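> After the structure tokens below, expect a handful of questions from me.
What follows is calculated from the coordinates using simple rules that are stated; it is not laboratory data. Quick caveat: nothing in here was measured; it's all calculated off a predicted structure. FYI the Cβ positions are ideal-geometry reconstructions off the backbone, even for glycines, and counts take in every protein chain you see.
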Amino acid sequence: MSLLDRGLAALLWLLGVLCVAGITHIVAIFALPETSEKDPYARLAGQAKPAELILLDAAGPERQPVPFADPALAQAICPFDLSQGGLRLHANTEGGRLLGLSFRTHTGRVFYSMSDLAAQQGKMDVLVLTPAQLEIVESEDDEESPSQDLRLIAPGAKGFVVISALAAFPSERLQTVERLKSISCTLEQIPQD
């Protein structure tokens, strides 16, 4: 075997090893969310009860649940468990001040999102329900004065809402956090048939 043949054989072997390692790495990354011991909802459940607003602090390095968080963005999370009732979320919006809501499953996958541009008359009212709860709520609606809230069907009973508000300037950070604190995240009892 010549030196050139040995060099090509070594190069092919090295390329094969790199391909196998790359494929293994990609498969491991995609499998990680499914094999993780604690999904995002389970981690949140240790910090708050369902329908309890949790403020995330991006400023404190000792308690930073969101890695690499933007200091201009204040965030809060509201976990929900629809087996206990529907989740009602109410927020007042201010013109020109970004407020975003991201509704997620227990694994963290987004099933609906909206911003303050979807507000009606400066208010965002959202009711998150299961399909069975939605049927009950719709059967009790008054046809003459229909409800103005947005009703969402969650793909599962457990999940959480990520609420984000933007502070345009560092001096507005405290006001932005106060805006998040004013958001109402409550459990709404749904009468059973």
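> Just check region 41-188 against the gyration tensor rule for me: Cα atoms, a ≥ b ≥ c as the square roots of the eigenvalues, rounded for a/c under 1.5, and otherwise prolate or oblate depending on whether a/b exceeds b/c.
It comes out oblate by the Cα gyration axes.
> Still on this structure, please answer the following. Taking 7 Å along the Cα-to-C-beta vector as the label spot, tell me the residue 34-residue 172 distance in nanometres, rounded to one decimal.
4.3
> Let me ask something else about it. Please list, by residue number, every one of the trypsin sites (Lys or Arg not before Pro) in region 1-58 that is coil in DSSP and has at most 10 other beta-carbon atoms within 10 Å.
On the way: sites: 6, 38, 43; in loops: 38.
The qualifying sites are 38.
> Please check the chain for the longest run free of GluC sites (Glu not before Pro) that are loop-located per DSSP (anything but H, G, I, E, B) and have at most 15 other Cβ atoms within 10 Å.
Longest run free of exposed loop sites: 145-193.
> If I measure Cβ to Cβ between cysteines in the chain, which ones have no partner under 4.7 Å?
If one checks each Cβ against the other cysteines of the chain, 19 turn up with nothing under 4.7 Å.
> Go through region 88-193 and name the trypsin sites (Lys or Arg not before Pro) that are in a DSSP coil and have 15 or fewer other Cβ atoms within 10 Å of their Cβ.
Here the sparse-neighbourhood loop sites are 97, 109.
> Moving on to the next point. Search the structure for amide H atoms under 5 Å from the amide H of residue 113, placed 1.01 Å from N in the peptide plane, and list their residues when 5 or more places away or on another chain.
103
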